[in-house]
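What follows is a single structure, written as structure tokens, with notes after it.
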Amino acid sequence: MYEQLTDILTYDPQHPLLFTQGAFWLFFAVVYGVFTCIVGRASHNEQKTRLHLRNVFLMLASWWFYYKTSGTFLLLLVVLTLVAWLFTRAMDRANQQGHLRLTRILLWSSVLIDLAALGFFKYAYFGVDVINQLIGTQLTITEKILLPVGISFYTFQIISYTADVYHARIRPVRNLLDFGFYVSFFPQLVAGPIVRASEFVPQLYRPFRLGRRQFGIAVFWILNGLIKKIVLSDYLATHFIDRVFDNPLLFSGAENLLALFAYSLQVYADFSGYTDIAIGVAMLMGFYLPRNFHSPYKAANPQEFWRRWHISLSRWLKTYVYIPLGGNRNATPATYIWLLVIAVIGTWLSGSWWVAALMSASAAVVALVAYVRPEHRKLLYANMNSFLTMLLGGLWHGASWNFLIWGGLNGLGMIANKLWREWHRAVQWGVMLCLTAAVFALRYVWAEQAWLNVACVWLLCLLVGASLRLLVYVLHGSDKPVSLAIGNAWAVTQTFVFITFTRLFFRSGSNLDPATANEQAWQTARQMLAQIGSAWDTANLLPVLWEHRVIVLLFVIGMLIHWMPDKFKLWYRIRFASLPVWVIIPCVVLIVMVLYQFMRADMQPFIYFQF
Amino acid sequence: MKPLRVFVFLCLCLLLTGVAFWLFPREGVTIGDHVWHAPDVQQYLQPQADTLTITLDTVCLLFLPAVERPQTPVYVSDTCARDDTYRWLMPFYLSLGEAKDSTVRVVHYGDSQIEGDRMTMVLRAALQARFGGSGVGLVPLYQTIDSRTTNQYILSGDGRRAVVPKQYLAFGPSSRRRGDHRYGPMGQVSVMDNALVNGSEDLSLRLETTRSYAFEQVRVVATRDTIIDLTDSTTRYTLHLTGKQDVYGVSMECATGIYVDNVALRGCAGTIFTGIDSVALQRYFTDTRTRLIILQFGGNVVPYLTTRKQVEQYAARIGRQLKYLRRCAPEAAILFVGPSDMLCFKDGKRQSYAILPVLDTALRSTIEQEQATYWSLYEAMGGAGAMLTWMQQGLAGKDGIHFTRQGADRAGAMLRDFILQPLTEQPVCTNN
């Protein structure tokens, strides 16, 4: 009995507390029991005290939750919270007294402390490698550095709070415990969404309120998240995707491609599943978290995709990286400094001077165009800043060449699509024709490169699309396609394919030991590309797909549900929420029983826990 | 909605889910092809990864003198090295020198013709006599058809009655398949689960071999392999297995030498490999340093092949299996042994299937295209009608298809001679 109690209360790295385990829901029920006692019937005079007590209790519960997930790294969370609170208080005082310089120093000090903590855990191996190479030392990291779960999310949240206080967007939180609650609120602590203080802090002082339908919606989000995580994400990962990514050469090109597309669904189901559960759990306690995903694979272009995917991070990057770099107005010194830094990191990670040369040449072309055509400067700066933001977003995931390529591809995709949409249909077609011809010519010269085969196939598809659009335009004399739906479906498909291919580099760099991540990730991505790009055994295609019929079926069902119209999704969500509670309860029991059939003992932690 | 109502809702959901799981039959409920299970309290709260605890029982140990390991140098004869027939077996020959300090594995897959360690044992004996090693290699945890003579084993729950773990097969009746294709190198998997099979007691596996197959270590090939070093050689050993895990087989071997696994897949046409999850296959082939894979199939399809097109289709399917195995074991050479001569009744007389020479040629062509070696058992036996002669000599059974023990020994000796022919003790050709 004592041992069981100890097991429950203490940290076990093998068994972190996950939303997908009964233990978490038991924990939540206990927390909710105490929560009920605190927020239950209170007189008007008592309300303030009760709210304060509720916040303190939820902070302590969140800390225990974090301790169960990340052990003694709880201390780091507590220290960073304390530091941010002290600095923002001091900043506010200095600001009121008109000490602008001191305010700025305090801002940067606070941000640098947060970034140092994040950087140490994320980039220590990379840093030691760089130092050893540069000055010939033999430094090694003797104790393996583990990344505290969710460190990026809470440091980003703290940075956003600090910056908002600096810019006087919000008033600093007076009470340390309230601030601690804002930083560590357990539903969103380890994988977001990154909540802005201006959205969450006012809720700290609002009494509990949960409408009947909101309750139903909260339960719906929780079940929706669990289904996404267990049925789609974990099943696809353990039964197929992980095996292919672990050893791409063991699988055919078709299997590698299927794994890549399935991974696109997996990562969405995993991350958005977590967010759905977080939103539902928070809502049951009367807190409202922002939406983090909005059917991202319905996006018709890469910009739209990033407006729908991990919305809180995209918004964070826009507010705290893109705009400070100059946004769509100009380029600041920070733009050039970051460009240089990334060029150096890219050269280092890739081990090729070609990267530095390419980035320098790109920067030179941009500078030249900006000088010769001043009217295009704004456009150039905007694109350069968004490209840099994407590269930094890539590096945030880890110091790996793969993540840098992933960020770079996304940045390039956004810029290319922005330019593309401004061109006339005929120009689009001409450019696509030239590009396709050029890649085919390259393939002819450089026949053994598998990635050229992939590029040829994809460009051919794009060329067909561009040709059809041009044909429609010529026949109808209108800029609109015959059917907007077909045009949109084509754009959505192409965006999905593009995003999926960038994920080749993303997934290859994930789940790896940071000490060897760079080399291993690059090797995996190359092998997968080689398999996908080499000659397919078409005679064997159907038997292969048949062998993986469950995976194919799950993928198709998952995508079809994803692509359902928003109105329909809203309709069934409300229908579920409006069901009587006595119907919802057996539904929950039945769904949990079905979900258990999909569960495996070696449950997968949520993908974004590692970032 | 008041928080108390939400709290009651949460408690009811947890309670009713717990009750539903508690009431669920422990052995599960079969719905369609799947068995639905419910977790126990521990699993419900926090799923645990499957683990298998293996302990040794020293009571049965019978120590024998250490197994001798001859250290004959390996050379490949000049003539054979240049012969196309042996070209694709060279990686295997070149690896034989490694058996001195490490292990080299041969896996012999086949249909009922090799069941009961037939043919394989002849090859194993010759290879181990020459390159060292002792032990019968990999055997399944639970043998559906108990026909081996080189070893015996009894799986029991309480020391008295035999228990049968849940077993899935990649071959044979489709009702024995498993959705996730995780079968392992023997094309079968036993799901060890004390809770389901045997209450809370552990399961005992008694392994016993003949003296000539004494072994020094036991490798439990499972989701996570366990190697138990016995410090000395023995012929008897009892394993106690506690917990839950997929077990693919148990291998009796030594730390060095050469091992030949006999994997008999009754009724199989050799087209099942692509249906086995590659991860476990690759891990086994890599961990055990498999350098030669022998495939002996074809007999089970002969009665159903009537046209040349059907033969070509079968050969193409075999080609795909070779590709798959090569990806799983890139360092291993592949030798395909074609079907033996087989008899059928035609016009009231026993005669060889007419399609056999066509099949033999088609298979040879496919195998050679896949850069593997083909050995025609049909030709080695003497071609059409040879089975009748073998029958008359007591080397083949009355069905005109299977060998008798003596016949299997002769066929095994022919296979052995074919494989070992290029090896010589004289340094006539470089062996690098």
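Looking at B:Y284, B:Y324, which is the one that is out of contact with any Pro (no Cβ under 7 Å at 6 or more places or on another chain) and hydroxyl-bearing (S, T, Y)?
B:Y324
For the structure I just gave you, tell me whether B:T85 is surrounded by fewer than 19 Cβ atoms within 10 Å (Cβ to Cβ), within 14 Å of chain A (Cβ to nearest Cβ), at pLDDT below 85 and touching a strand residue (DSSP E or B) at 6+ places or on another chain (Cβ under 9 Å).
no
Could you please find all residues in segment B:341-396 being modelled with pLDDT of 85 or more and of a type in the set (D, E)?
Answer for segment B:341-396, where residues must be modelled with pLDDT of 85 or more and of a type in the set (D, E): B:D341, B:D360, B:E368, B:E370, B:E379.
Enumerate the helices (runs of 4 or more DSSP H) found wholly within segment A:502-562, keeping only those where 3 or more residues are within 21 Å of A:M390 (Cα to Cα) and at pLDDT below 75.
Hits in segment A:502-562: A:517-533.
Would you be able to say whether some residue in segment A:57-71 is farther than 21 Å from A:A191 by Cα, surrounded by fewer than 17 Cβ atoms within 10 Å (Cβ to Cβ) and more than 29 Å from the chain's Cα centre (by Cα)?
No: zero hits.
Which of the following residues is touching a Pro at 6+ places or on another chain (Cβ under 6 Å), away from chain A (no Cβ under 14 Å) and within 30 Å of B:T103 (Cβ to Cβ): B:A408, B:A333, B:A380?
Within the list B:A408, B:A333, B:A380, the selection yields B:A333.
What is the residue count in segment A:11-68 for residues that are modelled with pLDDT of 80 or more and at the interface with chain B (Cβ under 8 Å from one of its Cβ atoms)?
Summing the residues that are modelled with pLDDT of 80 or more and at the interface with chain B (Cβ under 8 Å from one of its Cβ atoms) in segment A:11-68 gives 12.
Here is a yes/no grid of residues against (1) surrounded by 15 or more Cβ atoms within 10 Å (Cβ to Cβ); (2) assigned to a helix (DSSP H, G or I); (3) of a type in the set (V, I, T):
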{"position": "B:R350", "(1), (2), (3)": "no, no, no"}
{"position": "B:P357", "(1), (2), (3)": "yes, yes, no"}
{"position": "B:R364", "(1), (2), (3)": "yes, yes, no"}
{"position": "B:I367", "(1), (2), (3)": "yes, yes, yes"}
{"position": "B:Y374", "(1), (2), (3)": "yes, no, no"}
{"position": "B:A380", "(1), (2), (3)": "yes, yes, no"}
{"position": "B:L388", "(1), (2), (3)": "yes, yes, no"}
{"position": "B:M391", "(1), (2), (3)": "yes, yes, no"}
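Just to be sure I understand, how many residues within segment B:275-324 are within 14 Å of chain A (Cβ to nearest Cβ) and among the β-branched types (V, I, T)?
Count: 4.
Test B:Y237 against the stated conditions and say whether it is touching a residue at least 40 places away in the same chain (Cβ under 8 Å) and within 14 Å of chain A (Cβ to nearest Cβ).
It is false that B:Y237 is touching a residue at least 40 places away in the same chain (Cβ under 8 Å) and within 14 Å of chain A (Cβ to nearest Cβ).
Is it the case, given these coordinates, that A:G351 is within 21 Å of A:K122 (Cβ to Cβ) and either modelled with pLDDT of 90 or more or exposed (fewer than 14 other Cβ atoms within 10 Å of the Cβ) (or both)?
Yes: the conditions hold for A:G351.
Would you please list the contacts, defined by Cβ atoms under 8 Å and residues six or more apart or on different chains, that run from a residue in segment A:366-388 that is without any contact (Cβ under 8 Å) to a residue 12 or more places away in the chain to a residue that is among the β-branched types (V, I, T)?
A:H376/A:V369
Look through segment B:125-143, keep the residues that are at pLDDT 80 or above and within 14 Å of B:P185 (Cα to Cα), and return whichever of them is surrounded by the most Cβ atoms within 10 Å (Cβ to Cβ).
B:G137
Would you say B:V67 is modelled with pLDDT of 75 or more, surrounded by 14 or more Cβ atoms within 10 Å (Cβ to Cβ), under 30 Å from B:T234 (Cβ atoms) and more than 14 Å from every other protein chain (Cβ to nearest Cβ)?
So B:V67 does not fit the description; no.
For residues in segment B:336-359 being of a type in the set (G, A, S) and without any contact (Cβ under 8 Å) to a residue 40 or more places away in the chain, which is nearest to the other protein chains (Cβ to nearest Cβ)?
B:A354
Taking helices (runs of 4 or more DSSP H) that fall entirely within segment A:379-486, which contain at least 1 residues that are touching a Ser or Thr at 6+ places or on another chain (Cβ under 6 Å) and either surrounded by fewer than 19 Cβ atoms within 10 Å (Cβ to Cβ) or β-branched (V, I, T) (or both)?
Where helices (runs of 4 or more DSSP H) fall fully within segment A:379-486 and carry at least 1 residues being touching a Ser or Thr at 6+ places or on another chain (Cβ under 6 Å) and either surrounded by fewer than 19 Cβ atoms within 10 Å (Cβ to Cβ) or β-branched (V, I, T) (or both), they are A:450-476.
Within segment B:275-289, can one find any residue that is buried (at least 21 other Cβ atoms within 10 Å of the Cβ), among the charged types (D, E, K, R), modelled with pLDDT of 90 or more and under 23 Å from B:F418 (Cβ atoms)?
no
B:A20: surrounded by 18 or more Cβ atoms within 10 Å (Cβ to Cβ), at pLDDT 65 or above, at the interface with chain A (Cβ under 9 Å from one of its Cβ atoms) and within 27 Å of A:P16 (Cβ to Cβ), yes or no?
no
Within segment A:167-208, restricting attention to residues that are among the aliphatic types (A, V, I, L, M) and not in a loop (DSSP other than H, G, I, E, B), which residue is nearest to the chain's Cα centre (by Cα)?
So the residue we want is A:L189.
The values are calculated or read from the model by the stated rules, or taken from the named source; none is laboratory data. Just so we're clear, the structure is a prediction, and the values are computed from it rather than from any experiment. FYI the Cβ positions are ideal-geometry reconstructions off the backbone, even for glycines, and counts take in every protein chain you see.
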